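Enquirer: Quick one: the structure is below, and I'll ask about it shortly.
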Amino acid sequence: MSGKPQGGRFSDRPAVVHPFAVVACGAILTAAGCGSSDASSTTFNSGDGAGRDRDASSGGPGGSSSSVSSGSASNSGSTRGGPGPGSSISSSGGRSTSSGSSSGAGSSASGSSASTGSSASTGSSASSGSSGSSSGPGNLGSPPGDIVNASGAGVSVVAAHSMTRALFATYGGKLFTVTRASDGQTQDIKVATAGGMVDSSTLSSFCSGTTCGISALYDQTGNANDLKQASRQNMPTVAMWTTRGGTPLPYALTQNSGGRGAIGGDPTGQYLRNRTQTKKIPTGSAPQTEYMVVFAKYFKGHCCYDYGNMEAGIRNDGPGTMTALYFGQTKDWTWGAANGPWGMVDMEDGVFSFGAPQGVNPSNGNPAGQNTQDPAFVYPNTNIVAVLSKTNGTSSFALKAGDMENGGFTTAWSGALPSGYAPLHQEGGLSLGEGGDGSDNVDGAFFEGVVVAGEQDDTTDAAIQTNLSKYFTQ
């Protein structure tokens, strides 16, 4: 998406953090100030047992410090109807059917890491005691990667990234690599057991007494669609959030101090990228499905905190050349209920909540660009948001979003692609935390995401939502 602003606004001004700040607390990462106190001499985002994030931040560059505003939008009510004016919408709701035919595309993910079938997480799911390592709980059923690959209809997972767990029951490899600020050393962080959760013991030990940035986020499919960052100042940071059940989970935190992103990106922007070395990511008008899970506390009111399919180069190649998921509060094109933030789809030269018949840039805050079916997710009422989009690539797309602690997906849109975007011209690059042209001066917090070759069905969407809801409330 182009970083050229069209009139959106900031959602909040979170604290400026050092590029290597590790947000740490509890059983995962030790640091002074964790516990009941919200004050700290370092940057924290420590979770409590209720799953409510405590924000105790001190400044990095510039020395500023503030808590993130939850905004003025309410999260109550439910608006059904078509795009139109509205003030609020519930983050939970029914599951409407999606549009378009579900024609498959692409070959299945290669390598032993992507298993199929209904196998559950590994049996040794309990925490490993004093080591602090965690493996997958045994009551979640099949993880998302296996759910998709077992669904048939010509769909297959072609990229799978997670900060917290294996997305396939047989995956036992690396989740991400951290770079330590104190000495520049790196450490691969793996799952504790095959099919399980992050090895928190290694993460805690390696980052103890210092801070860590994320230099690589690994693809679990065997396609090597890894997302990387070589520059220390541009690395997202490791942060922690605690579920209401008391399980601490790491996420990739992007916080940027400047104003609106510029074309080509901010030199200090934090992102992970793989534009030219991807495999099997849908291109052209091939059908595709994507989902991502984010922490609703972190967002900005402009473009582009994105994850997914985008240009093969750092440039704006025009409408339909990307189909990445977006979370934020921009009203530059279309927008959702109340004051946001919302999940939408960045298709380049437009971030879309629905198939806007007006074409490129229909709104700039104009009510004609509003879709009240796209829910606003207001922190702290909402913590964990999943955004899912799928398209047949030629004429239609669907957008779903939901609060994974308190309900299912709401179908924000199921219908035609925006005017001027059919068919799509996807290029198959991948990024997290930036737009297609490198616009990266945004905030966001990423737990996991998947790219699927093919348009999966609603039954598969519902099964993924069920797994996410169980996982993020354990």
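Enquirer: Which condition number in (1) modelled with pLDDT under 90; (2) over 21 Å from the mean Cα position of the chain (by Cα) is the one that Gly141 fails?
Expert: (1)
Enquirer: In addition: Filter the stretch 420-440 down to residues that are surrounded by fewer than 24 Cβ atoms within 10 Å (Cβ to Cβ) and either farther than 23 Å from Asn225 by Cα or in contact with a strand residue (DSSP E or B) (Cβ under 6 Å, 6 or more places away or on another chain) (or both) and give me whichever is modelled with the lowest pLDDT.
Expert: Gly420
Enquirer: I've got another one for you. Select from the stretch 147-181 the residues that are of a type in the set (D, E, K, R) and under 19 Å from the mean Cα position of the chain (by Cα) and list them in ascending order. Let's see the steps before the verdict.
Expert: Taking the stretch 147-181 and keeping what is of a type in the set (D, E, K, R), we get 165, 174, 180.
Listed by number, the residues that qualify are Arg165, Lys174.
Yes/no matrix, rows are residues, columns are (1) touching a Ser or Thr at 6+ places or on another chain (Cβ under 7 Å); (2) without any contact (Cβ under 8 Å) to a residue 40 or more places away in the chain:
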| site | (1), (2) |
| --- | --- |
| Asn149 | yes, no |
| Tyr171 | yes, no |
| Ser205 | no, yes |
| Gly209 | no, yes |
| Ala216 | yes, no |
| Asp219 | no, no |
| Gly222 | yes, no |
| Gln233 | yes, no |
| Leu249 | yes, no |
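Enquirer: Just for the stretch 304-350: of the residues that are touching a His at 6+ places or on another chain (Cβ under 7 Å) and among the β-branched types (Val, Ile, Thr), which one is nearest to Gly436 (Cα to Cα)?
Expert: Thr321
Enquirer: Sticking with this one: Could you please find all residues in the stretch 212-227 being surrounded by 24 or more Cβ atoms within 10 Å (Cβ to Cβ) and aliphatic (A, V, I, L, M)?
Expert: Matches in the stretch 212-227: Ile214, Leu217, Leu227.
Enquirer: Within the stretch 153-211, track down each residue that is buried (at least 24 other Cβ atoms within 10 Å of the Cβ) and in contact with a Cys (Cβ under 6 Å, 6 or more places away or on another chain).
Expert: Matches in the stretch 153-211: Val178 only.
Enquirer: Check the stretch 455-468 and report whether any residue there is without any contact (Cβ under 8 Å) to a residue 60 or more places away in the chain and crowded, with 24+ Cβ neighbours inside 10 Å.
Expert: no
Enquirer: Sort through Thr278, Thr289, Thr330, Thr321 and tell me the only one that's out of contact with any Phe, Trp or Tyr (no Cβ under 6 Å at 6 or more places or on another chain) and part of a strand (DSSP E or B). Don't jump to the end; show me each part of the working.
Expert: Working: Thr278 fails: part of a strand (DSSP E or B); Thr330 fails: part of a strand (DSSP E or B); Thr321 fails: part of a strand (DSSP E or B).
Answer to the check: Thr289.
Enquirer: Output the number of residues of the stretch 438-462 satisfying the condition of being assigned to a loop (DSSP other than H, G, I, E, B) and over 15 Å from Ala252 (Cα atoms).
Expert: 7
Enquirer: Going through the stretch 182-211 one residue at a time, which ones are among the hydrophobic types (A, V, I, L, M, F, W, C) and under 20 Å from the mean Cα position of the chain (by Cα)? Quick ask: steps written out before the conclusion?
Expert: If we filter the stretch 182-211 for residues that are among the hydrophobic types (A, V, I, L, M, F, W, C), which is where we start, we get 189, 191-192, 194, 197-198, 203, 206-207.
Result: Ile189, Val191, Met197, Val198.
The values are calculated or read from the model by the stated rules, or taken from the named source; none is laboratory data. Bear in mind the structure is a predicted one, so any value in this text is a computation, not a measurement. Here Cβ is always computed from backbone atoms with ideal geometry, including for glycine, and neighbour counts include all displayed protein chains.
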